[in-house]
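The values are calculated or read from the model by the stated rules, or taken from the named source; none is laboratory data. From a predicted model like this one, the values you see are computed outputs, not experimental measurements. Using ideal geometry, Cβ is built from the backbone for each residue, glycine included, and neighbour counts are taken over all protein chains shown. For accessibility, only protein heavy atoms count, side chains too; no ligands or nucleic acids. Shrake-Rupley method; radii C 1.70, N 1.55, O 1.52, S 1.80 Å.
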Amino acid sequence: MSYDLIQTASVIRYPYLWAREAERGETEGRKERPVAVGVRMPRPDGDLVLFFPITTKQPEASRFAVEVPVIEKRRAGLDADRLLWIIFDEFNTDIVGNSFYLEPEPPSGRFSKAFFLPLLREFISRRKSASEVSRFR
């Protein structure tokens, strides 16, 4: 496989490292979980990718998080019978092709543009208040 299918709105499995874990000095994600690919930006040393975690734990009301509708869970290859949220106020960044964590496996699916792109635009407007955990430094 190749990394070409890792594009905006696709859903892959990734050992996401939560910001609270990184703040405590942890360097490894505790488990692989589904993540939404936010943005993939070309760079000479490998494309930079932003990942947003998908969780079954209902986030606090103060968080920038969105519950995933059933139709979008199906499109993304997620369990349609579970409540799921995408968290947008924190994210991991990694480098395609130079990552210790990113595998060239096909995505489980992808969110529709109509669902995901407005959320991505909102993230961009709030990005300065989001917590980034860089996985490539």
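With the charge dipole of the chain set up from +1 on Lys and Arg Cβ and -1 on Asp and Glu Cβ about the Cα centre, the Cα lying farthest toward the positive end among the listed residues Pro118, Gly46, Phe88 is that of Pro118. Among Ile12, Ile71, Ile86, determine the one that fluctuates most according to a GNM of the chain built with springs between C-alpha atoms less than 10 Å apart. Result for the chain, Cα springs under 10 Å: Ile71 fluctuates most. Around Ala9, with a cut-off of 13 angstrom between Cβ atoms, what is the net charge of the other residues, counting Lys and Arg +1 and Asp and Glu -1? Around Ala9, the surrounding residues sum to +4. At the residue level, Ile54 shows approximately 0 square angstrom of accessible surface with a 1.4 angstrom probe and all protein chains present.
The magnitude of the dipole of region 6-61, with charges of +1 and -1 set on the Cβ of Lys/Arg and Asp/Glu and taken from the Cα centre, is near 180 debye.
Estimated at the nearest 10 Å², the accessible area of Lys57 is 150 Å² with a 1.4 Å probe.
Let me know the shape class of region 1-104, please: from the alpha-carbon gyration tensor, a ≥ b ≥ c as square roots of the eigenvalues, rounded when a/c is under 1.5, otherwise prolate if a/b is greater than b/c, or oblate. The shape class here is oblate. Here the sum of -39500 (n - 2.57) over DSSP H runs of 4 or more residues, divided by the residues of the chain, equals -5000 deg cm²/dmol at 222 nm, to the nearest 500. The value of relative contact order for region 1-107, using C-alpha pairs under 8 Å at least six residues apart, is 33 percent.
Largest GNM mean-square fluctuation across Phe123, Phe115, Phe52, computed for the chain with C-alpha springs under 10 Å, falls on Phe115.
State in Å² the accessible area per residue of region 37-134; use a 1.4 Å probe, count heavy atoms of protein chains only, and round to the nearest integer.
54 Å²
Once the GluC sites (Glu not before Pro) in DSSP loops with at most 16 neighbouring Cβ atoms within 10 Å are cut out of the chain, the longest remaining piece is 61-137.
Got a number for carbon plus sulfur as a percent of the chain's accessible area, 1.4 Å probe? Taking all protein chains in place, the chain shows 50 percent carbon and sulfur surface. Think of each Lys and Arg Cβ as +1 and each Asp and Glu Cβ as -1; about the Cα centre, that makes the dipole of region 35-137 roughly 280 debye.
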